[in-house]
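What follows is a short report on a single structure.
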Amino acid sequence: MNEKEMEILGILEENARASISTIADMVELEEQEVSDIIKFLEDKNIILNYQAVINWDHTPVNNGVTAMIDVKVAPKREIGFDGVAERIYRFPEVKAVYLMSGAYDLSVQIEGKTMKEVAFFVSKKLSTLDSVLSTTTHFLLKKYKHDGVIFEPEQKDKRAVVSP
């Protein structure tokens, strides 16, 4: 990848809503060149998606529960961790799967309507997979920062200024 492509990726990662003309000005290229680069990056599966980060706590919608599940697995010959991860990420409840170092092998993020629904997923779907040896489930209680976005605005210091 060249430097301009990397610059464009950085801009889009920071603000996926940046216009082609704004990006072109920032990287000092013509708008058509920027459009072509973005199309190339999409076609190569380097740019996979454009998403908004939403603070659901500020909406009237109950967004359910999110759980992070640590999973210890016994990888099978020929498929290793990748095959186990693929079986897990194919469940519609699963939002993310990561290979981790440490005591557990995989970290799985799932979303459900209720804690009971998450418990059902863990006990009936995840734990029953041949390669899964153990799981530990952690429920998300509050988001402070996600994808570089701080969820709570900075609080102004409300103390009175004391001067001599």
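Candidates are the residues of the stretch 36-87 that are surrounded by 13 or more Cβ atoms within 10 Å (Cβ to Cβ) and among the acidic types (Asp, Glu); the one that is nearest to residue 134 (Cα to Cα) is 70. When 96, 103 are screened for being free of Cβ contacts under 8 Å to residues at least 40 places away in the same chain, assigned to a loop (DSSP other than H, G, I, E, B) and surrounded by fewer than 14 Cβ atoms within 10 Å (Cβ to Cβ), only 103 passes. So which residues in the stretch 106-151 are open to solvent by 60 Å² or more (accessible area, probe 1.4 Å), in contact with a Lys or Arg (Cβ under 9 Å, 6 or more places away or on another chain) and assigned to a loop (DSSP other than H, G, I, E, B), if there are any at all? Within the stretch 106-151, just 130 meets the criteria.
The values are calculated or read from the model by the stated rules, or taken from the named source; none is laboratory data. It should be emphasised that the depicted structure is a prediction, and the values quoted were computed from it without experimental measurement. We place every Cβ from the backbone using ideal geometry, glycine too, and count neighbours over all the protein chains shown. Surface accessibility is based on the protein's heavy atoms, side chains included, excluding ligands, DNA and RNA. Shrake-Rupley method; radii C 1.70, N 1.55, O 1.52, S 1.80 Å.
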